1. Counting each DSSP H run of 4 or more residues in the chain as -39500 (n - 2.57), what helix-only mean residue ellipticity at 222 nm follows after dividing by all residues, to the nearest 500 deg cm²/dmol?
2. In which sequence would 65, 82 go, from the one with the fewest C-beta neighbours within 10 Å to the one with the most?
3. What's the FRET efficiency of residue 10 with residue 80 using the Cβ-Cβ distance as r and R₀ = 22 Å, to the nearest 0.05?
4. Just tell me which aspartates and glutamates come within less than 20 Å, Cα to Cα, of residue 20; anything on the same chain fewer than 8 places away is out.
5. Full extension from residue 118 to residue 130: what is 0.36 nm times the residue separation minus their Cα-Cα distance, to one decimal in nm?
6. Please list, ordered by chain and number, the residues whose modelled amide H lies under 5 Å from the amide H of residue 125; skip anything fewer than 5 residues away on the same chain.
7. Using the count of nearby Cβ atoms within 10 Å as a rough guide to exposure, how do 73, 84 rank from fewest to most?
8. Any idea what the dipole of the chain comes to, in debye rounded to 20, about its Cα centre with Lys/Arg Cβ at +1 and Asp/Glu Cβ at -1?
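Nothing in this text is a laboratory measurement; each read-out follows from the coordinates by a stated rule. Note that the coordinates shown come from a computational prediction; the quantities given were computed from them, not determined experimentally. Positions of Cβ are generated from backbone atoms using ideal geometry, with glycine treated the same way; all protein chains shown enter the neighbour counts.
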Amino acid sequence: MGTYTLDDLTDWGRVLDELKELKRLHLLDEYQDGLKRILRYRWNWRLRECALQYAKEVALPRDDLIEEVCSIMCDEGSYTELRMLAAETLGHLARARLGKAEGMPSFKGVSIPEKMRQLFAAPVSPLLRQKLVDVFKEVTATEMVRDE
């Protein structure tokens, strides 16, 4: 097994190859810091989209990864498709947290379902709004099942 660094994000082809290999080896849980760093890297849309896709495979997501995904979902400066992908990823991470018997972390002091409610009030594209509605149902259903 090789060493995966996910470090030089300007060498994005190598980073994409490493992510693919990490997914194949089911090691993404161990590289959540790397995923989070890629999600923060605004200079390569392909890396960010790929990191969001691979984050869906994380079995035991940490709070900081969930918060970073939520940050993209809430970022008005990000393009709609990326925000939709972030919302979809958030739904996957919420289901994974259910299996961990933990609730969702808060985002900037606000629960993620409440943050999503705030986004409903903001002017967003109809496609993003529908994705938010769908994911909101998943996230709140996850919270309700956990509370039972």
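1. About -21000 deg cm²/dmol.
2. Exposure proxy ranking, most exposed first: 82, 65.
3. 0.25
4. Within the straight-line limit of under 20 Å, residue 20 reaches these aspartates and glutamates: 7, 8, 11, 29, 30, 33, 49, 57, 88.
5. Difference between extended and current length: 2.9 nm.
6. It is none; the list stays empty.
7. Final ranking by Cβ density, sparse to dense: 84, 73.
8. The dipole magnitude comes to about 340 debye.
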